[in-house]
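> If you scroll down you'll find the structure; I have some questions about it.
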Amino acid sequence: MSPDADNARTVVIADDHPLVRAGLRALLGSLPGFEVLAEAGTGHEAVQAASDYLPDVVVMDLQMPGMDGIEATRRIVARHPSVGILVLTMFEDDDSVFSAMRAGARGYLLKGAGPDEVARAIEAVASGEAIFGPAVAARVMRYFAGAGPQPEELAFPELTPREHEILDLVAAGANNPTIARRLSLSAKTVANHVSNILTKLQAADRAEAIIRARRAGLGGE
């Protein structure tokens, strides 16, 4: 059910692709009861726009330059709990889904969702509900059924399971293109993960991360 025009759901669109932002703005502009307050092309801009406008919902991409959507979500939710985050992304891997949920996102849709599904998700998140696209919902159900990612008692507990996996390969001497091929990820995604790993480990560079990882037993056969 769409909100009426006198009580429009206010939205900030955060995506680093201008065409995606334009498409979402056009979509929401064609529907009754939605008002786009601002657009953001980076995670930092998304956090600032959330503070400036206090929208009902930020529609958040995950992969953006500088601060990614996960960290932007974490900061927005911490500062403005009333602002709902709806992730709209092409990534449906477990690491992305559960990292977004842990950061505080209340909805998760894949790009390619239909207009009605996007509108329904924005309304649901604005109302305080949690909503997931069909493919993502299946992952969530498997997780709570016990078939999802399991906690790992490993060194560097601040890392996600995917980051542990990548650090293990880095410690074994694999470069980013090799890691991308092995894990069926894009080179950009691997580079973002490596950057996050260095930040979390407070490592000055890749070489320091390799040394620390090997001391912890990673990178072995």
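> Please go through segment 8-21 and give me each residue that is of a type outside the set (D, E, K, R) and within 22 Å of Ile70 (Cα to Cα), ordered by number.
Correct list: Thr10, Val11, Val12, Ile13, Ala14, His17, Pro18, Leu19, Val20.
> Evaluate segment 29-37: report whether one residue or more is closer than 30 Å to Met141 by Cα and crowded, with 16+ Cβ neighbours inside 10 Å.
First, the residues of segment 29-37 that are closer than 30 Å to Met141 by Cα: none.
No, the conditions are met nowhere in segment 29-37.
> Those residues that are in a helix (DSSP H, G or I) and of a type outside the set (Ser, Thr, Tyr), I need them from segment 58-92; list them, please.
Taking segment 58-92 as the starting set, the residues that turn out to be in a helix (DSSP H, G or I) are 69-79.
Listed by number, the residues that qualify are Gly69, Ile70, Glu71, Ala72, Arg74, Arg75, Ile76, Val77, Ala78, Arg79.
> How many residues, within segment 18-44, are touching a helix residue (DSSP H, G or I) at 6+ places or on another chain (Cβ under 9 Å) and assigned to a helix (DSSP H, G or I)?
5
> Scanning segment 69-116 for residues that are closer than 17 Å to Thr10 by Cα and touching a residue at least 60 places away in the same chain (Cβ under 8 Å), which turns out nearest to the chain's Cα centre (by Cα)?
Leu88
> In this structure, does Ala49 turn out to be free of Cβ contacts under 8 Å to residues at least 60 places away in the same chain, surrounded by 24 or more Cβ atoms within 10 Å (Cβ to Cβ) and not in a strand (DSSP E or B)? Spell out how you get there, then give the answer.
Numbers: free of Cβ contacts under 8 Å to residues at least 60 places away in the same chain: yes; surrounded by 24 or more Cβ atoms within 10 Å (Cβ to Cβ): no; not in a strand (DSSP E or B): yes.
Judged against the criteria, Ala49 is not a match.
> Which residues, taken from segment 175-197, are crowded, with 17+ Cβ neighbours inside 10 Å and at pLDDT 90 or above?
If the condition is that a residue be crowded, with 17+ Cβ neighbours inside 10 Å and at pLDDT 90 or above, then Asn176, Ile179, Ala180, Thr189, Val190, Asn192, His193, Val194, Asn196, Ile197 are the ones that fit.
> While we're on this one: Could you list, in sequence order, the residues of segment 178-210 that are part of a helix (DSSP H, G or I), among the aliphatic types (A, V, I, L, M) and over 11 Å from Leu167 (Cα atoms)?
Of everything in segment 178-210, those that are part of a helix (DSSP H, G or I), among the aliphatic types (A, V, I, L, M) and over 11 Å from Leu167 (Cα atoms) turn out to be Ala180, Leu183, Ala187, Ala191, Ala207.
> Testing Arg102 on (1) surrounded by fewer than 18 Cβ atoms within 10 Å (Cβ to Cβ); (2) of a type in the set (Lys, Arg); (3) modelled with pLDDT of 95 or more, one condition comes back false. Which one is that?
Result: Arg102 passes all but (3).
The values are calculated or read from the model by the stated rules, or taken from the named source; none is laboratory data. For clarity, every value in this text was computed on a predicted model and none was experimentally measured. Methodologically, a virtual Cβ is constructed for each residue, glycine included, from the backbone with ideal geometry; neighbour enumeration extends over all protein chains shown.
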